[in-house]
2 protein chains.
Amino acid sequence: MLRKILALAVLLLASSVTFAKDASADEQAIRALDTAWSHAAETKDLDKTVSFYADDASILPPNMPIATGKNAIRAVWAQFMSMPGFSITFAPSKVVIAKSGDMAYEIGTFQTTVNDAQGKATSSVGKFVVNWQKRDGQWKVVADIFNDDK
Amino acid sequence: MLRKILALAVLLLASSVTFAKDASADEQAIRALDTAWSHAAETKDLDKTVSFYADDASILPPNMPIATGKNAIRAVWAQFMSMPGFSITFAPSKVVIAKSGDMAYEIGTFQTTVNDAQGKATSSVGKFVVNWQKRDGQWKVVADIFNDDK
């Protein structure tokens, strides 16, 4: 029993000591995921774009109701990607990790382009907050909300 | 040394055991803050409304740029509250706490009313994501983003 308690103490101490290192590794992991996610959306890879969300995630787009679950999120992205001339890129400006390394949020900016009624490409700039949770050791998007700057 | 390690082990174990209880207490604390925050906004108490934000918080309103810091957030809320017939209520539908109890996010809905050009009250419904961080033992809003459903 004593040996078990000692082993547990060492384990817990070790995990406390690695918090700082993990936070940085977690931030790097999330930023890498964002790069891959933005690339998937930019290249209109619907399956890949949706793969970054947790099964119970929600997307909260402007001028549409909240959509929860992968099928509903897929339908939202399919609608975006079907808009004539649609293009998007996004990147985080700030990533903050919980001490426990199970939750994170990020603030970032996006640029979208769609064709207007005359077929002319029109760009707009906006901002987003994405919340992440670690699920089975893998960071997944659990909430994704955004709006335009103008 | 052995006694110190044992004491530490007991302390760490005890803190692990209370995670579940704390998460529930944290959720209750955040929901109570939301109730007070919504009431402050509804009654156009600008100082009180702004007091729920951390000093380095950001608000990300639709059709406006991101505003960071209490002065900038205050200016956004002052602008909202100065709109003729402005009224708002909001409440979380989901609150999720990090295991470390230092970070949380919530998803919720709001209802706003403003007068249209003819002075007629017009209501709209929307959704939000608010991120919280515990600062000196007190939950504070660090990111606040929202948009309309229609």
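The values are calculated or read from the model by the stated rules, or taken from the named source; none is laboratory data. As the structure is a prediction and not an experimental result, all values here were calculated from the model. As a convention, Cβ positions derive from the backbone with ideal geometry for all residues, glycine included, and neighbour counts pool all protein chains shown. Protein only, heavy atoms only, side chains kept; ligands, DNA and RNA dropped before computing areas. Shrake-Rupley method; radii C 1.70, N 1.55, O 1.52, S 1.80 Å.
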Worksheet, complete the sentence: Filtering the range A:121-150 down to residues that are away from chain B (no Cβ under 14 Å) and over 22 Å from B:N63 (Cα atoms) yields A:D136, A:G137, A:Q138
Practice prompt. Kindly provide the set of residues from the range A:98-118 that are within 14 Å of chain B (Cβ to nearest Cβ) and open to solvent by less than 30 Å² (accessible area, probe 1.4 Å), ordered by number.
Written response: A:A98, A:G101, A:D102, A:M103, A:A104, A:Y105, A:E106, A:I107, A:G108, A:F110
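Of everything in the range B:102-121, what is touching a residue at least 24 places away in the same chain (Cβ under 8 Å) and of a type in the set (S, T, N, Q)? Give them in sequence order. If you could, list the steps in order and put the result at the bottom.
Initially, the range B:102-121 is screened for residues touching a residue at least 24 places away in the same chain (Cβ under 8 Å), giving B:102-106, B:108, B:110, B:112-115, B:119, B:121.
Within the range B:102-121, B:T112, B:T113, B:N115 qualify.
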Practice prompt. For residues that are in contact (Cβ under 8 Å) with a residue 24 or more places away in the chain and part of a loop (DSSP other than H, G, I, E, B), scanning just the range A:27-78, find the one that is least open to solvent (accessible area, probe 1.4 Å).
Written response: A:P61
Practice prompt. Could you grab me the full set of residues in the range B:123-150 that are part of a strand (DSSP E or B) and without any contact (Cβ under 8 Å) to a residue 12 or more places away in the chain?
Written response: B:Q138
Fill in: Where A:S15 falls short, out of the listed (1) open to solvent by 50 Å² or more (accessible area, probe 1.4 Å); (2) at pLDDT 95 or above
(2)
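Quick check on A:V96: is it under 13 Å from A:D26 (Cβ atoms), part of a strand (DSSP E or B) and free of Cβ contacts under 8 Å to residues at least 40 places away in the same chain? Full working, then the answer.
Values: under 13 Å from A:D26 (Cβ atoms): yes; part of a strand (DSSP E or B): yes; free of Cβ contacts under 8 Å to residues at least 40 places away in the same chain: yes.
Criteria met by A:V96.
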Discussion item. Based on this model, can you work out whether B:V76 counts as within 14 Å of chain A (Cβ to nearest Cβ), more than 11 Å from the chain's Cα centre (by Cα) and of a type in the set (A, V, I, L, M)?
Written reply: yes
Fill in: Residue selected from the range B:119-146 under the condition farther than 22 Å from A:V130 by Cβ and polar (S, T, N, Q), by the criterion least open to solvent (accessible area, probe 1.4 Å)
B:S124
